[in-house]
1. Which chymotrypsin sites (Phe, Trp or Tyr not before Pro) in segment 1-67 pass both tests, a DSSP loop state and at most 12 other beta-carbon atoms within 10 Å?
2. Is there a pair in 85/203; 54/85; 111/203 whose C-alpha atoms are over 20 Å apart, and which pairs would that be?
3. Would you work out the charge dipole size for the chain about its Cα centre, treating the Cβ of every Lys and Arg as +1 and the Cβ of every Asp and Glu as -1, and quote it to the nearest 20 debye?
4. Here are several values of Cα extents along the principal axes in Å: (i) 55, 50, 36; (ii) 96, 40, 33; (iii) 50, 46, 37. Which one was derived from the coordinates shown?
5. Using the Cα gyration tensor of segment 1-155, with a ≥ b ≥ c the square roots of its eigenvalues, what is the shape: rounded (a/c below 1.5), prolate (a/b larger than b/c) or oblate (neither)?
6. Hey, got a sec? Which trypsin sites (Lys or Arg not before Pro) in segment 38-104 land in a DSSP loop and have at most 14 other Cβ atoms within 10 Å?
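Just so you know, all these numbers are worked out from the coordinates, no wet-lab data involved. All figures in this text were calculated on a predicted structure; none of them were measured in a lab. For neighbour counting, all protein chains shown are included, and Cβ atoms are generated from backbone atoms with ideal geometry for every residue, glycine included.
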Amino acid sequence: MNLPQHVRLVEVGPRDGLQNEKQPIGVADKVRLVDDLSAAGLGYIEVGSFVSPKWVPQMAGSAEVFAQIQQLPGVTYAALAPNLKGFEGALEAGVKEVAVFAAASEAFSQKNINCSISASLQRFVPVLDAAKQNGVRVRGYVSCVLGCPYEGAVPAEQVASVARELFAMGCYEVSLGDTIGTGTAGDTRRLFEVVGHDIPRNKLAGHFHDTYGQALANIYASLLEGISVFDSSVAGLGGCPYAKGASGNVATEDVLYLLNGLGIHTGIDMDRLIQAGARICAVLDKPNGSRVARARLASA
């Protein structure tokens, strides 16, 4: 069994985690969270999103957050930029890496961004062109890769088709997201087998939600397929908007515990990571979504 020796965790808590929160979160609290995550040794942090505050109110102020965070050398501070206007805002804020996202499900694409998959991909062409001209790297996300709240099962070949387009456009890495968290380990292995025919596995990442409690099993299944990049969210921030009361993103602390147990190197300090999660949960006045963090904090 050959598991990767090193794994890169993409911390999405400040963006994907906070964007679903109902209460307003101040710029200072967002800055503190990013700085705490940097200090814990996260090498890649998704800081914010350059989208209309009308659609995602919590991401208002992303430019101020970028201006105030302490950017450590060797750490990537990225932002979501779903269209050219968003990309221009990110560029103005000095962002060096952006992400774009498409769905593997037509129904989800229509309900989420009011257009077809192919139309959504066309929107990214000017973003990728502008990024290339400005030396900005682009990461691609594909959502609903193991199931859709409207369509049910999503064929792996359909996911591969969308991922291929993003990769061909110039996304250096494509993250496959189980948005509703219904995927299982067997589904996950098959998905990477199919998508891996078109895109090298060292250019693929996994993004698993824990709605059905399968995220860690799916991450282990992905490791067996040679995947070594995973998206996660400190304290499990970010619910699943399609399943009321359900957990969303897998907690970074829990993924780190799994990887540490497998002897896989990440360079992340567990104690500092737990402190970062505990601090933002206190700000949000909500329970910590990480089982590892809850166990460690209870025994401290």
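1. Within segment 1-67, the qualifying chymotrypsin sites (Phe, Trp or Tyr not before Pro) (loop, at most 12 other Cβ atoms within 10 Å) are 55.
2. Details: 85/203 27 Å; 54/85 14 Å; 111/203 28 Å.
In this structure, 85/203; 111/203 lie more than 20 Å apart at Cα.
3. 200 debye
4. (iii)
5. The shape class here is rounded.
6. Those that pass, being in a loop and sparsely packed, are 54.
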